[in-house]
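Here's the structure we're looking at; comments come further down.
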């Protein structure tokens with residue numbers, strides 16, 4: 001008895017798919033499982049979980065070719081160290097360039113009004129300090145960690161000259 005096309009064929013071929021039974025599905029016949037070596041399913045849906053255990057090495061000796069194990073009479077089973085677990089950062093990172101224009105733009109883009117000082121406030125760095133604090137508060141509200149990026153194409157700022165007065169006394 002013919003039925004409607006299976007889900008796999010409908011998604012792949014759309015209206016061009018031919019009605020068939022699951023046993024005669026062309027998509028399942030094409031799929032090959034590299035673990036058990038059988039056509040009809042892929043590795044994610046392999047019913048033979050024992051084959052998966054054999055494919056994933058548990059001992060260092062499983063990584064050595066069997067001919068060398070026989071030649072050198074290796075009989076030990078040294079366990080592999082546990083797989084490293086990649087840690088994800090606790091909070092997503094929000095990267096902003098460490099210059100006045102970028103900080104002001106980030107504040108404006110998130111609906112926060114940036115502080116704009118006159119020349120005296122800029123010389124004291126009050127504007128950029130206040131805007132960084134505002135941006136940090138926004139990052140906390142959004143649950144992000146704020147990172148200021150330093151532009152490596154520009155040379156670092158020259159150190160300020162010391163304010164010593166008078167010459168050296170001898």
**Asked** If you take the residues in the range 1-37 that are modelled with pLDDT under 80, loosely packed, with under 13 Cβ neighbours inside 10 Å and part of a loop (DSSP other than H, G, I, E, B), which one is farthest from the chain's Cα centre (by Cα)?
**Response** 1
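Yes/no per residue for (1) modelled with pLDDT under 75; (2) part of a helix (DSSP H, G or I); (3) touching a helix residue (DSSP H, G or I) at 6+ places or on another chain (Cβ under 7 Å):
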| position | (1), (2), (3) |
| --- | --- |
| 95 | no, no, no |
| 130 | no, yes, no |
| 166 | yes, no, no |
| 170 | yes, no, no |
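The values are calculated or read from the model by the stated rules, or taken from the named source; none is laboratory data. The structure presented is a predicted model; accordingly, all values stated were derived computationally and were not measured. Note that we place each Cβ from the backbone using ideal geometry, even for glycine, and neighbour counts take in every protein chain shown.
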